[in-house]
Amino acid sequence: MSTYKLNYTVLQSLLLRFTLISSAFLESIGNGDANSTCSNPVNGFSELSSLAQSEKAVQELLIQQTPMQATDDHLIEFSEALRTVAKALRGSAEGKALAQAEAAEWKRRYELERSKNLVLLHKEPSNGVCADEFNSQGMDHSAKSPRLHVQENGKSGRYSMERICAHEVLQDGESNSPNNKLKRKASFKLSWGCKGQANDQHKKDIVSFERGNITTADRSSKQISLTWESNPQNVIIFTKPNSTSVRILSVEMVRWLRDQKGLNVYVEPRVKAELLSESSSFDFVQTWEDDKEISLLHPKVDLVITLGGDGTVLWAASMFKGPVPPIVPFSMGSLGFMTPFHSEQYRECLEAVLRGPISITLRHRLQCHIIRDKARHDYETEENMLVLNEVTIDRGISSYLTNLECYCDNSFVTCVQGDGLILSTTSGSTAYSLAAGGSMVHPQVPGILFTPICPHSLSFRPLILPDHVTVRVQVPFNSRSSAWVSFDGKGRKQLEAGDALVCSMAPWPVSTACQVESTNDFLRSIHDGLHWNLRKTQSADGPRDT
């Protein structure tokens, strides 16, 4: 038998073996038997090893071929097709294993949440609200944690800062009417679905049951206010760099806070150097030296003051990887969507804030992390990133369109083909998302803005998703180029084929002080900053209908 026939026979046997393996693998994917696969973890990897061995055998066979044998076009075409199919099946097997691991993790979290709710159900108070004790981690200092009130129709009631538990049992009361001959309506209970312990933080309202009607508390008429239980003692100031007016104001404000209010003042190392160059009497100002000390800022600081624009507020919020103290933002920049206070009246403003109560805006943040395709364990994922405005995925310097697969929880949303995608908070709705065609949203509306950047489809319109979902954006394996992701315009990272970005609402909002109240400040900012709907008034002396 010639060498050509021998090689062809070997290829036929390899093809038969490859067909059997791929058929069994596709059948296992079609059946969706996750339990059997999870119970036998070697199954998926044995398939992968068999495919790898087959592909390796084909490669060795092609290398051993003589030039005369390589001229056979059919044989070369068959070998290339075999490599492509092996690569595709190997990628599918890896995706299946990753999906099974993710499903197992969600199941574990669901069981933990279910057992927790069953325990709390027996301890439920009469009013149906379970308020956890305030997390005291990092709050052990002279000023106690502030109390949050929700004002409605001129009245105020004390609400917990943490959350309302997700196990309220809502029942119908007995009818007291003696003439009521109708049968009692069936009672039921309403509960919030939970995917993990962190998602308990997002419960906002109590759903009430009365005579078979489901109603919710009117959120539109509520304004959150903050009242100090004891006087603040420690203040930190963040300033806009390279600004003469900001530097002059910071010198004046630091001295006033120390001499007139007796507060301990923290500043950035750069600002402390500027103050000491101004006068040696500023040696009382405190600062930090490294990132480890920055993580300890929250238990020391009662109040944050920013001097600059919205970028300074973003910088101040990024310094806190968990809870953020209340922020008093002064406008000294070009736009002021988050900076309602004027620097000229800083004494009156700070006196009112330190005295309290003050109205605040709870600005939601996104919690994002990247899952690399090369990572095989959870501990290999990168650290979480917290963003106050938006996370942007774009094509970078590549000339190709981005190809991004988007999922909302376990549901496929769409495949983004264009310049990129923006996942924005409602506070960031007036930033990059607005420039890309997204809507302006009140900052206290809980939601995630899903805005495409120059999509290659006229029907691709922006979306607003609820705040409890988890959005996953993945670069597919067949993508022609990689993508780039940035967080609030910083920390730019590359996403290769198979990498995924996972975003959900963070449990720690950023509370900013209001000059009047949240809605008033928001409307004034879009009128002053964007000149929203500004036009000449129509003349009244034109023709009229008779």
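The values are calculated or read from the model by the stated rules, or taken from the named source; none is laboratory data. Fair warning: this is a prediction, and the values are worked out from it, not measured in the lab. Ideal geometry is used to build each Cβ from the backbone, glycine not excepted, and the neighbour counts take in all protein chains shown. Remember, those area values only see protein heavy atoms, side chains included, never the ligands or the DNA or RNA. Shrake-Rupley method; radii C 1.70, N 1.55, O 1.52, S 1.80 Å.
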Restrict the search to the stretch 378-474; then list the GluC sites (Glu not before Pro) that DSSP places in a loop and that have at most 16 other Cβ atoms within 10 Å of their Cβ.
-> Glu382, Glu383
So for the stretch 292-435, taking the charge dipole from beta-carbon charges (+1 Lys/Arg, -1 Asp/Glu), which of Leu423, Gly333, Asn403 sits furthest toward the positive end?
-> Gly333
Shape category assigned to the stretch 217-280 from the gyration tensor of Cα positions, a/c cut at 1.5 = prolate
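The stretch 278-316: which GluC sites (Glu not before Pro) are DSSP loop and have at most 15 other beta-carbon atoms within 10 angstrom?
Numbers: sites: Glu278, Glu289, Glu293; in loops: Glu289.
Sparse-neighbourhood loop GluC sites (Glu not before Pro): Glu289.
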So, relative contact order of the stretch 365-507 in percent, Cα under 8 Å, 6 or more apart, is 30
Can you check what the Kirkwood hydrodynamic radius comes to for the stretch 365-507, Cα pairs only, in Å to one decimal?
-> 15.0
So between Glu289 and His527, what do we pick up on full extension, going 0.36 nm a residue minus the alpha carbon distance?
-> 81.6 nm
Can you work out ³J(HN,Hα) from phi for every residue in the stretch 505-521, in order, using Karplus 6.51 cos²θ - 1.76 cosθ + 1.60 and θ = phi - 60°, giving whole Hz and x for Gly and Pro?
-> 6, 6, x, 10, x, 9, 9, 10, 6, 9, 6, 10, 7, 4, 5, 4, 5
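Over the stretch 277-417, average the accessible area per residue using a 1.4 Å probe and give it in Å², no decimals.
On the way: 6630 Å² over 141 residues.
Result: 47 Å² of accessible area for each residue.
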Taking a label point 7 Å from the Cα of Val413 along Cα-to-Cβ, the residues of the stretch 384-402 whose backbone nitrogen sits under 19 Å from it are 385-396, 402
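Carbon and sulfur together cover what percent of the accessible area of the stretch 234-356 at a 1.4 Å probe radius? Walk me through the numbers on the way to the answer.
Numbers: 2630 of 5440 Å².
Its accessible area is 48 percent carbon and sulfur atoms.
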May I ask you to evaluate 6.51 cos²θ - 1.76 cosθ + 1.60, the Karplus curve with θ = phi - 60°, for each residue of the stretch 332-346 and list the ³J(HN,Hα) values in order in whole Hz, giving x for glycine and proline?
-> 9, x, 7, 10, x, 6, 10, 10, x, 8, 9, 5, 5, 10, 5
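When the gyration tensor of the stretch 234-356 is built from Cα positions, what are the square roots of 5 times its three eigenvalues, in whole Å, from largest to smallest?
On the way: eigenvalues 69, 64, 48 Å².
They are 19, 18, 15 Å, listed from largest to smallest.
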Name the residues whose placed amide hydrogens come within less than 5 Å of the amide hydrogen of Thr470, ignoring near sequence neighbours (fewer than 5 apart) on the same chain.
-> Asp409
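Which value, in Å², gives the accessible area per residue of the stretch 448-536 when a 1.4 Å probe is used on the protein heavy atoms?
Details: 4500 Å² over 89 residues.
Normalised by residue count, the accessible surface of the stretch 448-536 is 51 Å².
Quick check: at a probe of 1.4 Å, how many percent of the accessible area of the stretch 424-532 sits on carbon and sulfur atoms? Write down the numbers at each step before the final one.
Working: 2680 of 4620 Å².
With neighbouring chains kept in place, the figure for the stretch 424-532 is 58 percent.
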